[in-house]
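Visitor: Got a structure for you, written out below as structure tokens; questions coming shortly.
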Amino acid sequence: MNPTDRPRRLRADGVRSLVSETSLSASDLIAPVFVDATTDERVPIPSMPGHERVPVSEAVARVEEILDTGVESVVVFGIPESKDSDGSRAYAEDGVVQRAIRDISAETDAYVIADTCFCEYTDHGHCGVLAPDARAGEGLTVDNDPTLDLLAKTAISQADAGADMIAPSSMTDGMVGAIREGLDSAGHEDIPIMSYAVKYESAFYGPFRDAADGAPSFGDRRHYQMDPANRREALREARLDVEQGADALMVKPALPYLDIVREVRDSFEHPVAAYNVSGEYAMLHAASEKGWLDLEATALESLVSIKRAGADLILTYFAESVAERL
Ligand code: PBG
């Protein structure tokens, strides 16, 4: 038997890159930054090697380190000085994220995306205000509609501070519409919304919840984040956000949900982002520390695969280390 069709011909060194179907560049990547109002110095995050919480005074320096690698965009998360039941430090004019974003946008060329959510700001750790009868074990925790006004207020305060894009991650029904209306009424018609449209209730967020101190103090996020078993529901969530004016759609996590990334890519014209979350980062680090995986190779392969699945943008803790090698 003499095969006439030999795919191996195109795998030789010189031609391999010529026929490569997917490219990854630093401008596809968004680096997360954690700004912490409770510290005066940088604090390493143990479950996310190479990442730190930085004080507001170090926010610009931290972003400059990222820009030096070729990455052009950051998504900013805040750890407030105090928490309360409404998460009021999320929308304070002098809140940690507002102060950091004001500095970053004044002093750097970074494209600044604000994560808009309450879990880091509420004393109960849920992503909005609690329903009066909220209890563990019975599903109901966040009161949907009262949370909408606060999300809009938070987004406006972030845009006022200089955020270039708003990324709501609370999985509140109607959040994109409420934020769009709020931004428009405050004169921020040109600020785009990248919705965490398809966000699963995932155990892969574990290290982030340490990093941002946002674990729920009771119950879980099952009644607002999606069931990992669901695929049609992802399209419904994405459609609702498109109808409410989302400019870009995010799928989160990324690697265990590449089928969903592809599905959203094929069903909508909007740019698709994927969040390569903290657990996806931590597991490669842990395996490489044991000598079981090659960290650089698996990180790069992960990001190329997320793009191949259909993502245009990737939020990833590997942004700097991978960009440096591109
Ligand atoms: C806030 C938010 C979370 C993440 C991003 N924004 C935590 C959560 O929903 O529990 C997770 C990111 C990661 O794990 O890297 N709602």
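The values are calculated or read from the model by the stated rules, or taken from the named source; none is laboratory data. From a predicted model like this one, the values you see are computed outputs, not experimental measurements. Neighbour counts run over all protein chains shown; Cβ positions are idealised from the backbone, glycine included.
Visitor: Taking the conditions exactly as written (small (G, A, S) and more than 13 Å from the chain's Cα centre (by Cα)), does A197 satisfy them or not?
Guide: Details: small (G, A, S): yes; more than 13 Å from the chain's Cα centre (by Cα): no.
Taking the combined requirement at face value, the residue does not satisfy it.
Visitor: Moving on to the next point. Assess whether S170 counts as being surrounded by fewer than 22 Cβ atoms within 10 Å (Cβ to Cβ), on the phi < 0 side of the Ramachandran plot and assigned to a loop (DSSP other than H, G, I, E, B).
Guide: It is false that S170 is surrounded by fewer than 22 Cβ atoms within 10 Å (Cβ to Cβ), on the phi < 0 side of the Ramachandran plot and assigned to a loop (DSSP other than H, G, I, E, B).
Visitor: Continuing with this model, one more query. Provide a single number: the residues in segment 223-270 that are under 24 Å from G206 (Cβ atoms) and more than 15 Å from the ligand (Cβ to nearest atom).
Guide: Within segment 223-270, residues that are under 24 Å from G206 (Cβ atoms) and more than 15 Å from the ligand (Cβ to nearest atom) number 9.
Visitor: If a residue has to be within 16 Å of the ligand (Cβ to nearest atom) and either touching a residue at least 60 places away in the same chain (Cβ under 8 Å) or among the charged types (D, E, K, R) (or both) to count, how many in segment 284-306 make the cut?
Guide: 2
Visitor: Moving to a separate point now. Any idea which residue in segment 151-191 is nearest to S73 (Cα to Cα), counting only those that are within 12 Å of the ligand (Cβ to nearest atom) and in contact with a Lys or Arg (Cβ under 7 Å, 6 or more places away or on another chain)?
Guide: That would be S169.
Visitor: For the condition at positive phi, in contact with a strand residue (DSSP E or B) (Cβ under 9 Å, 6 or more places away or on another chain) and modelled with pLDDT of 95 or more, what is the one hit in G187, G291, G245? Full working, then the answer.
Guide: Working: G187 fails: in contact with a strand residue (DSSP E or B) (Cβ under 9 Å, 6 or more places away or on another chain); G291 fails: in contact with a strand residue (DSSP E or B) (Cβ under 9 Å, 6 or more places away or on another chain).
Only one candidate qualifies: G245.
Visitor: With respect to Y200, is the statement that it is under 27 Å from D123 (Cβ atoms) and within 14 Å of the ligand (Cβ to nearest atom) true? Even if it seems obvious, please write down each step before you answer.
Guide: Numbers: under 27 Å from D123 (Cβ atoms): yes; within 14 Å of the ligand (Cβ to nearest atom): yes.
In short, yes.
Visitor: If M194 satisfies every condition in (1) closer than 16 Å to C117 by Cβ; (2) near the ligand (Cβ under 10 Å from one of its atoms); (3) not polar (S, T, N, Q) but one, which is the exception?
Guide: For M194, the failing item is (2).
Visitor: While we're looking at this one, here's another question. Among the residues of segment 133-150, is any over 21 Å from D86 (Cα atoms) and within 16 Å of the ligand (Cβ to nearest atom)?
Guide: no
Visitor: State yes or no: is R209 within 8 Å of the ligand (Cβ to nearest atom), basic (K, R) and modelled with pLDDT under 95?
Guide: So R209 fits the description; yes.
Visitor: Could you count how many residues in segment 154-167 are within 16 Å of E120 (Cβ to Cβ) and surrounded by fewer than 24 Cβ atoms within 10 Å (Cβ to Cβ)?
Guide: Looking only at that region, the number is 1.
Visitor: Say we look at segment 291-325 and pick out the residues that are polar (S, T, N, Q) and surrounded by fewer than 22 Cβ atoms within 10 Å (Cβ to Cβ); which of these is farthest from K199 (Cα to Cα)?
Guide: Once the filter is applied, the top-ranked residue is S321.
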